[in-house]
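**Student:** Attaching a single structure in structure tokens format; questions to follow.
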Amino acid sequence: MDTTMKAFQEERAELNELVMRYAGLTIKRFYALDTQVYQDGALPARTKELLGLVASTVLRCDDCIKYHLGQCHALGVSSEELEEALAVALIVGGSIVIPHLRRAFKAWEELLNEG
């Protein structure tokens, strides 16, 4: 099983296309709301993505963590900002989030090394 960020992003796009083939109004509305909530507003999009990353880490959702890491990278979040956000997740979530921190930093390294 390929666990790289590139493989994750490709699979996510493929599966989202599959979902949309079957999606009714409720699913489409949820997806649209999810997209809208992360747009610039009173809080910039990058702050919202960091918030999503923290929540995803505390909830221990590796797919969500990888998604938000990709968004953070695309929006120019620095490694220092990422570390501080993940430190908040560790404090809120406790030691049970440590395995997710490990995988998050591994994925972040992949994104940084992509260029």
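**Student:** Looking at region 23-44, can you tell me whether even one residue there is in contact with a helix residue (DSSP H, G or I) (Cβ under 8 Å, 6 or more places away or on another chain), closer than 23 Å to Thr4 by Cβ and charged (D, E, K, R)?
**Tutor:** no
**Student:** Touching a residue at least 12 places away in the same chain (Cβ under 8 Å), assigned to a loop (DSSP other than H, G, I, E, B) and surrounded by 14 or more Cβ atoms within 10 Å (Cβ to Cβ) - does that describe any residue in region 54-68?
**Tutor:** Among the residues of region 54-68, at least one is touching a residue at least 12 places away in the same chain (Cβ under 8 Å), assigned to a loop (DSSP other than H, G, I, E, B) and surrounded by 14 or more Cβ atoms within 10 Å (Cβ to Cβ), which makes the answer yes.
**Student:** Let me ask something additional. Of the residues that sit in region 1-37 and are aliphatic (A, V, I, L, M) and within 17 Å of the chain's Cα centre (by Cα), which one is nearest to Lys106 (Cα to Cα)? Give the derivation first.
**Tutor:** Going through region 1-37, the residues aliphatic (A, V, I, L, M) turn out to be 1, 5, 7, 13, 15, 18-20, 23, 25, 27, 32-33, 37.
If we keep only those that are within 17 Å of the chain's Cα centre (by Cα) as well, we get 5, 7, 13, 15, 32-33, 37.
Numbers: Met5: 9, Ala7: 14, Ala13: 21, Leu15: 23, Ala32: 30, Leu33: 29, Val37: 27 Å.
Looking at residues that are aliphatic (A, V, I, L, M) and within 17 Å of the chain's Cα centre (by Cα), I get Met5.
**Student:** Related question: Only one residue in Ile96, Ile91 is touching a residue at least 24 places away in the same chain (Cβ under 8 Å), assigned to a helix (DSSP H, G or I) and either hydroxyl-bearing (Ser, Thr, Tyr) or surrounded by fewer than 12 Cβ atoms within 10 Å (Cβ to Cβ) (or both), so which one is that? Full working, then the answer.
**Tutor:** Details: Ile91 fails: touching a residue at least 24 places away in the same chain (Cβ under 8 Å).
Result: Ile96 is the single residue among Ile96, Ile91 that is touching a residue at least 24 places away in the same chain (Cβ under 8 Å), assigned to a helix (DSSP H, G or I) and either hydroxyl-bearing (Ser, Thr, Tyr) or surrounded by fewer than 12 Cβ atoms within 10 Å (Cβ to Cβ) (or both).
**Student:** Take the residues in region 2-38 that are in a loop (DSSP other than H, G, I, E, B) and modelled with pLDDT of 95 or more; name whichever of them is nearest to Glu49 (Cα to Cα). Spell out how you get there, then give the answer.
**Tutor:** Initially, region 2-38 is screened for residues in a loop (DSSP other than H, G, I, E, B), giving 2-4, 23-24, 38.
Narrowing further to those that are modelled with pLDDT of 95 or more: 23-24, 38.
Details: Ala23: 25, Gly24: 27, Tyr38: 7 Å.
Among them, the one singled out is Tyr38.
The values are calculated or read from the model by the stated rules, or taken from the named source; none is laboratory data. Here the structure is a predicted model, which is why all the values come from computation and not from measurement. Cβ: placed from backbone, ideal geometry, glycine included. Neighbour counts: every protein chain shown.
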